[in-house]
Amino acid sequence: MRFLKFSVHPPYPPLPNPRNLFFFAVFVNFLGQFFYIRSVVWGGTKPNLVSWFIWMLAPFIGVFFQLKAGAGLSVLPVFMAGFGPLLVIIFSVLNKNSYWKLYTFDIYCGLFSFLSLVLYVFTHNLGISILFAIVSDGLAAVPTIIKSWKFPETESASIYLTGIFSNIAGLFIIKNWIFSIYSFGIYFILLNLIIVFCIYRKKIFKIH
């Protein structure tokens, strides 16, 4: 009597472990920060310090509230979103010719952003607190978005591209899909996409 033999091996290779992908994304994010800071030191990139100060502050506070909500390693890209700007600020200040001249509009954006951040800290509802943090970060991003649109040569896309990748990876390891946990990651993906588009739009559409 002949028996059919069935393979015990899956027909397709197993999917990569989300945690491995996540840690690889964090490493890639480090590379993006390194190349951005190198561009700042060399004088090619001129970051707007209003944007980068709030971008440093808001994610650090966001990590605190996300951990409070029960998030785990998925907060690491958000932490990196704050740690990178801290390094950018330090190297920009050390090299005086490496930061963008601030205008009145930038200051107003920074003030409204900081006000949203204060509301974020003192709001007792966790979901609303996260929403205020996103609004604060978004207002801080406006000067950099405008600068990237008008003067794309003063920005480097490296840190934004790797930020997209790392935050997408962070979404893959979320176990509890609630607004206070996933919202920051999705927001950072969208924001980075907008800035990358502003940086490359002249090359994409061949605008002179």
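The values are calculated or read from the model by the stated rules, or taken from the named source; none is laboratory data. Note that this is a predicted model, so its numbers are computed, not measured. Positions of Cβ are backbone-derived with ideal geometry, glycine not excepted, and every protein chain shown enters the neighbour counts.
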Going through region 49-79 in order, the residues found to be closer than 19 Å to G127 by Cβ and aliphatic (A, V, I, L, M) are A58, I61, V63, L67, A69, A71, V75, V78
Single unsatisfied condition, L102 versus (1) closer than 18 Å to L49 by Cβ; (2) in a helix (DSSP H, G or I): (2)
Mind checking which residues of region 64-94 are modelled with pLDDT of 80 or more and either more than 26 Å from I173 (Cβ to Cβ) or charged (D, E, K, R) (or both)? V88, I89, I90, F91, S92, V93, L94
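Would you mind finding the one in A25, A81, A58, A71 that is at negative phi, out of contact with any strand residue (DSSP E or B) (no Cβ under 6 Å at 6 or more places or on another chain) and outside any helix (DSSP H, G or I)?
Of A25, A81, A58, A71, the one residue that is at negative phi, out of contact with any strand residue (DSSP E or B) (no Cβ under 6 Å at 6 or more places or on another chain) and outside any helix (DSSP H, G or I) is A71.
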Matching residues, region 115-140, being in contact with a helix residue (DSSP H, G or I) (Cβ under 7 Å, 6 or more places away or on another chain) and among the hydrophobic types (A, V, I, L, M, F, W, C): L117, L119, V121, L126, I130, F132, A133, I134, V135, L139, A140
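Go through region 84-99 and report how many residues are in contact with a helix residue (DSSP H, G or I) (Cβ under 7 Å, 6 or more places away or on another chain), of a type outside the set (V, I, T) and in a helix (DSSP H, G or I).
Keep residues of region 84-99 that are in contact with a helix residue (DSSP H, G or I) (Cβ under 7 Å, 6 or more places away or on another chain), which gives 84-89, 91-92, 95, 98-99.
From what is left, the residues that are of a type outside the set (V, I, T) are 84-87, 91-92, 95, 98-99.
Filter once more, so that each one left must be in a helix (DSSP H, G or I): 84-87, 91-92, 98.
Total meeting the criteria: 7.
Checking the condition in a helix (DSSP H, G or I) and in contact with a helix residue (DSSP H, G or I) (Cβ under 7 Å, 6 or more places away or on another chain), which residue from I174, I164 passes? Let's see the steps before the verdict.
Values: I174 fails: in a helix (DSSP H, G or I).
Just one listed residue meets the conditions, I164.
Condition check: farther than 19 Å from M56 by Cβ, buried (at least 19 other Cβ atoms within 10 Å of the Cβ), of a type in the set (V, I, T) and under 16 Å from the mean Cα position of the chain (by Cα). Does I181 satisfy that? Reasoning before the result, please.
Values: farther than 19 Å from M56 by Cβ: yes; buried (at least 19 other Cβ atoms within 10 Å of the Cβ): yes; of a type in the set (V, I, T): yes; under 16 Å from the mean Cα position of the chain (by Cα): yes.
So I181 passes the test.
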What's the number of the condition V121 fails, among (1) more than 24 Å from G72 (Cβ to Cβ); (2) assigned to a helix (DSSP H, G or I); (3) out of contact with any Gly (no Cβ under 9 Å at 6 or more places or on another chain)? (1)
Please work out which one of (1) more than 21 Å from G32 (Cβ to Cβ); (2) under 15 Å from the mean Cα position of the chain (by Cα) is the condition G82 fails and give its number. (1)
Tell me the residue from I159, I173, I128, I204 that is modelled with pLDDT under 90 and within 14 Å of W55 (Cα to Cα), please. I159
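Okay, residues lined up against (1) crowded, with 16+ Cβ neighbours inside 10 Å; (2) over 22 Å from A69 (Cα atoms); (3) touching a residue at least 60 places away in the same chain (Cβ under 8 Å); (4) hydroxyl-bearing (S, T, Y):
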| position | (1), (2), (3), (4) |
| --- | --- |
| F112 | no, yes, no, no |
| L115 | no, yes, no, no |
| N125 | no, no, no, no |
| I146 | yes, yes, no, no |
| I164 | yes, yes, no, no |
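Would a scan of region 86-103 turn up a residue that is surrounded by 22 or more Cβ atoms within 10 Å (Cβ to Cβ) and either among the basic types (K, R) or closer than 20 Å to N167 by Cα (or both)? Please lay out each step first, then the result.
Restricting attention to region 86-103, the residues satisfying the condition of being surrounded by 22 or more Cβ atoms within 10 Å (Cβ to Cβ) are 88, 92.
Now restrict to residues that are either among the basic types (K, R) or closer than 20 Å to N167 by Cα (or both): 88.
Scanning region 86-103 turns up at least one residue that is surrounded by 22 or more Cβ atoms within 10 Å (Cβ to Cβ) and either among the basic types (K, R) or closer than 20 Å to N167 by Cα (or both).
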